[in-house]
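Data block below; observations after.
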Amino acid sequence: MDSYFYKMDLFGIPWLTVNVPNLILTTVAMAIVFFVTFFMSRKIRMYPTGAQNALEYLVQFVKNIIHSTMDWKQGKNFVMLGITIILYVFVANMMGVPFELATANHDVWWNSPTSNPVLTISLAAFVIVLTHIYGLKLKGPKEYGKDYFRPAFFMAPFKVIEDFSNTLTLGMRLYANIYAKEMIMVMLVGLGASSLFWAFGAFIPLVIFQAFSVFIGSLQAFIFCMLTMVYMAHKVSEDH
């Protein structure tokens, strides 16, 4: 089943095309993350319970990810980055799990925004740019520049290529998994809508796959956060 997204030229510029539904969904995902974390952290107690307990567990989970990739001396700078990334990617992945909204002409208005490669590649590029910024900040321009010529001077071109390949693989891995998940769900729904027999036949597989989709979305959020810290470690750690 072919899906379409309403697009418009921003400021009337033909080459500056905006995917309107994806722009809205990206903003909704950010708003969800902001308001959920805001209300979970409004009342801080010495002995946490409920929402505060869940938030502190998430913070410790991200700290463990950072500990596994780099020394805490550098890693303490990236706790908020890790929390933001894992929460945002998780929420964006989950938005298309309970339902998708589309018109009769298959114009999609609600799905997982991470099923769009523009968003995932943009997130990946943002991460890679941050690794360079923090590498320069924490190691200094001179030491950071020397890393491109270690362990030998001819490694510099390969390390530049590595930055581009890391951007593509980080973004495309997330996109491919979420897009495939959503396409399978759309096919199951289409099968169930084709006849009364398949409506019953597709119901159980759809419920099972929705549960599996939650696992896929959670796993991809974890992987994206983990790889972010791995790439960051390569730029800021003294032993890399």
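The values are calculated or read from the model by the stated rules, or taken from the named source; none is laboratory data. Everything quoted here is computed from the prediction, not taken from an experiment. In this analysis, Cβ positions are derived from the backbone assuming ideal geometry, glycine residues included, and neighbour counts consider all displayed protein chains. Calculation scope for accessible area: heavy atoms of the full protein, side chains included, ligands and nucleic acids excluded. Shrake-Rupley method; radii C 1.70, N 1.55, O 1.52, S 1.80 Å.
Sites counted here are chymotrypsin sites (Phe, Trp or Tyr not before Pro) in a DSSP loop (not H, G, I, E or B) having no more than 11 other Cβ atoms within 10 Å; the longest part of the chain that contains none of them is 100-240.
In the assembled protein chains, THR167 presents an accessible area of approximately 30 Å² (probe radius 1.4 Å).
Measuring nothing but how far apart in sequence close Cα pairs (under 8 Å, 6+ apart) lie, relative to its length, the chain scores a relative contact order of 25 percent. Rg over Rh for segment 36-146 works out to 1.09, both radii taken from alpha-carbon positions and Rh defined as the Kirkwood radius. What's the long-distance tail for segment 114-164, i.e. % of Cα pairs beyond 12 Å? Value for segment 114-164: 69 percent of Cα pairs lie more than 12 Å apart. Translational diffusion coefficient of the chain (Stokes-Einstein, Kirkwood radius from Cα pairs, 37 °C, 0.692 mPa s): 163 µm²/s. You can think of it this way: the chain between ALA180 and GLU56 has 41.4 nm of extra reach, that is 0.36 nm per residue less the Cα-Cα gap. Summing charges over neighbours of MET95, with a neighbour being any other residue whose Cβ is under 15 Å away from its Cβ, gives -1 when K and R count +1 and D and E count -1. Computed from point charges on the beta carbon alone (+1 for Lys and Arg, -1 for Asp and Glu), the dipole magnitude for segment 111-198 about its Cα centre is near 320 Debye. Can you tell me the 0 to 90 degree angle between the C-alpha axis of helix 20-40 and the longest principal axis of the chain, rounded to 10? Compared with the principal axis, the helix lies near 70 degrees. Overall size of segment 101-193 from C-alpha positions, given as principal axis extents largest first: 62, 23, 17 Å. Here the mean projected area of the convex hull built on the C-alpha positions of segment 8-67 is 6.7 nm².
The local environment of ALA156, defined by Cβ-Cβ distances under 11 Å, has a net charge of +1 under the rule Lys, Arg +1 and Asp, Glu -1. For segment 145-237, the equivalent ellipsoid derived from the Cα gyration tensor has semi-axes of 44, 13, 6 Å, listed largest first.
Rounded to the nearest 10 degrees, the angle from helix 50-67 to the longest Cα principal axis of the chain is 50 degrees. Here LYS137 is the anchor, and the lysines within straight C-alpha reach of less than 28 Å, apart from those fewer than 8 places off in the same chain, are LYS63, LYS73, LYS76, LYS146, LYS159, LYS235.
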